[in-house]
Structures are given as structure tokens and as C-alpha cells.
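*Asks:* Submitted below is the structure of interest, expressed as C-alpha cells.
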Amino acid sequence: MVTASPTDQHRLLDLQGFDSAVARAAARRRSLPELAQLEAVDTVLAGLGEQARTHTVAVADLDLAMRKLEKEIDLVRSRADRDRGRMDSGQVTNAKQLTELQSEIASLGRRQGVLEDEELGLMEQREQAEAALAAVQAAIADAEQQRADLQARRDEALATLDRDAALARSRRDMLAPQLPADLLALYEKLRAENEGVGAAALVSRRCQGCHLELQGSELGRVRTAAPDAVVRCDECGRILVRTAESGL
């Protein structure tokens, strides 16, 4: 049976406190709210990025369509100018040819009007697509700023947790060698079996490990145990450290 002085048993509680502090820091590291918030922002950014690509393609397609239309308008305009030049030069004297030229010029004018109307429609569509792209880009900039703020908060929180854990580990490393080897070995074994808690204080007859109250024969056993006896909770098996608040 493992025995240890009451002083060493109380120091075991200090060791448990340091171990629990390290475990809490690790748990908080995994569950920082900023981590979930960053994941949500990344999802938003991915969606906005897809929208930006769609609008960018739309603007590029409209630009291409407008360039093609402008070339067609230029061709129609050039042909009409050429026909008017022929008429104005007096080269065409045949009445039938003159009539045909006038008809063609009128037809080209109508065609140019249709094309220019199409061009105006494309310009309006491009303005709308460009406005949509600008709105998405603004949303991306806002989301990226939010992400940067969250990253800064996450990094600050992680740095604080790492400092706290490092301090707790340092204090643990100084304390552990001062405890009896058999007591420390039992504690480590029980800590591995009990979710990181190998020793718990007995407060008001209640084990602070499983939070159950000692009663009957178990209470009698702990009450009559020698001060250097290392007693354990019948329910959870953890080392029970008796204190002035144990209520024995």
C-alpha cells in the first residue's frame, strides 16, 4: 500500500492543479470561438470568390461581344461612307444604280442603328455586371478584414494559452521530482485512467473527482485511515486527499 505524508499528499493536489491547467489550456486551444468563426468566414470567402469569378467572366464575355459588335458597326459605317462617296463623286449616273445605292445606304443606316442599339444594351449589361463584381469585391475585402481581425484575436488567445500552459508545465516539472516515486507513479497511472485527474480533494465528505459523497463504511474507512495512508475513492478510484474541509 502506498503511503505518503499529509504534506506530500497536499502537494499532489498542487501537481494535479498544474496538470489540469495544462489540460484546460489544450482544451481551450481546440475550442477557441475564433476557430469556428474563421471557418465560417473562409466558407463565405469561398462563395464570394466563386461569385467574383462568375462576374469577371461575364464582364470579359460582354467586352468581347462589344468589340465584335464595334467591328461590325465599323464595317457597316465604312460601307455606307463608301457608297455615299460614290454618289457624291458623280461616278454613278445610271438612275437604277443610284436608286440601288440609295436603298443600300438606307438599309445600312437601319442596320447600323440596330447594331448601335445592341451595343447600348451590351453596355448596360456590362455596367450591371461590373457593379455586381465591384459589390462582390467589396464584400471580399470586408470578409478578408474580418478574417485578419479574427486571426489576430486567435493568435493573441493562443499565445496567452501557450504562456499559461508553459508556466504550469514549468511549475509541475519543479514539483514532481519532490514527491515520493511510488506516490507519483500511482498518481500518473490513475490520471491516465481517469481523464487526466488522478487525485482529488475530499471536501465536505464529497470527492471532488467524481463529486459523489462518501457514506457509510467508505466514510468510516477514510475517517479512520492513518494520516500517511493514501486513500482512494471507492467510486472513481482516484486518490482522495484529506483536507481541513473534508468534514471528517
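*Asks:* Dipole size in debye (nearest 20) for segment 156-248 around its Cα centre, Lys and Arg Cβ +1, Asp and Glu Cβ -1?
*Replies:* Roughly 240 debye for segment 156-248.
*Asks:* Right, something else. Most fluctuating residue of 224, 43, 160 in a GNM of the chain with Cα springs under 10 Å: which is it?
*Replies:* 224
*Asks:* Hey, fewest Cβ within 10 Å first, where do 68, 96 land in order?
*Replies:* Ascending Cβ contact count within 10 Å gives the list 96, 68.
*Asks:* If the only charges are +1 at each Lys and Arg Cβ and -1 at each Asp and Glu Cβ, what is the size of the charge dipole of segment 32-166 around the Cα centre, to the nearest 20 debye?
*Replies:* 960 debye
*Asks:* Just to be sure I understand the model, the point goes 7 Å from the Cα along the line to the Cβ. What's the resulting residue 145 to residue 176 distance in nm?
*Replies:* About 4.8 nm, to one decimal.
*Asks:* Rg to Rh ratio, the chain, alpha-carbon atoms and Kirkwood radius?
*Replies:* 1.61
*Asks:* Now for a separate question. How many nm separate the modelled label positions at residue 84 and residue 43, each set 7 Å beyond the Cα in the direction of the Cβ?
*Replies:* Between residue 84 and residue 43, the label points sit 6.2 nm apart.
*Asks:* Among the aspartates and glutamates, select those whose C-alpha is under 13 Å from the C-alpha of residue 68, and discard any that sit fewer than 8 residues away in the same chain.
*Replies:* By straight Cα distance, residue 68 reaches 116, 118, 119.
*Asks:* Also, quick follow-up: Which FRET efficiency, nearest 0.05, do residue 56 and residue 159 yield, Cβ-Cβ r, R0 51 Å?
*Replies:* Approximately 0.85, to the nearest 0.05.
*Asks:* How large is the charge dipole for the chain, taken about the Cα centre, if only the Cβ atoms of Lys, Arg (+1) and Asp, Glu (-1) carry charge, to the nearest 20 debye?
*Replies:* 920 debye
*Asks:* Just to be sure I follow: if Rg is taken over the C-alpha atoms of segment 170-235 and Rh is the Kirkwood radius over the same atoms, what is Rg/Rh?
*Replies:* Rg/Rh for segment 170-235 comes to 1.00.
*Asks:* Gain in length, residue 32 to residue 219, computed as 0.36 nm per residue apart minus the alpha-carbon separation, to one decimal in nm?
*Replies:* Between residue 32 and residue 219, full extension yields an extra 63.2 nm.
*Asks:* Here is a follow-up. Taking 0.36 nm per residue of separation and subtracting the Cα-Cα distance, what length does fully extending residue 131 through residue 24 add?
*Replies:* 33.6 nm
*Asks:* Which cross-chain or sequence-distant (5 or more) residues have an amide H under 5 Å from the amide H of residue 231, H modelled 1.01 Å from N in plane?
*Replies:* Here 240 satisfy the definition.
*Asks:* Which one, 49, 9, 21, projects farthest toward the positive side of the charge dipole computed for segment 1-89 from Cβ point charges (K/R +1, D/E -1)?
*Replies:* Toward the positive end, the furthest listed residue is 49.
*Asks:* Which of 66, 94, 152 sits closest to the plus end of the dipole of segment 32-166, meaning its Cα is farthest towards the positive end, when Lys and Arg get +1 and Asp and Glu get -1 on the C-beta?
*Replies:* In segment 32-166, that residue is 94.
*Asks:* Please give me the summed charge of the neighbours of residue 21: other residues whose Cβ is under 14 Å from its Cβ, Lys and Arg +1, Asp and Glu -1.
*Replies:* So the surrounding residues net to +3.
*Asks:* Where does each of 177-188, 78-89 land if you order them by average Cβ count within 10 Å, highest first?
*Replies:* The most tightly packed comes first, giving 177-188, 78-89.
*Asks:* In degrees, nearest 10, range 0 to 90: what is the angle between the Cα axis of helix 95-175 and the longest Cα principal axis of the chain?
*Replies:* 10 degrees
*Asks:* Mind pulling up the Rg/Rh value for segment 50-113? Radius of gyration and Kirkwood radius, both on Cα.
*Replies:* Rg/Rh for segment 50-113 comes to 1.33.
*Asks:* Only Cα pairs within less than 10 Å get springs; with that Gaussian network setup on the chain, which residue of 127, 100, 218 has the largest fluctuation?
*Replies:* Looking only at 127, 100, 218, the largest GNM fluctuation is found for 100.
*Asks:* Right, next: Near the amide H of residue 205, under 5 Å away, which other amide H atoms are found, from residues 5 or more places off or on another chain, if H is placed in the peptide plane?
*Replies:* The list, which skips near neighbours in sequence, is 247.
*Asks:* Give, in nm to one decimal, the length gained when the segment between residue 116 and residue 97 is fully stretched (0.36 nm per residue of separation minus the Cα-Cα distance).
*Replies:* Using 0.36 nm per residue and subtracting the Cα-Cα distance, I get 4.0 nm.
Laboratory data are not the source of any read-out in this text; all were calculated from the coordinates shown. Treat the numbers as computed from the prediction; the structure is a model and nothing was measured. Virtual Cβ from ideal backbone geometry, glycine too; neighbours counted across all protein chains shown.
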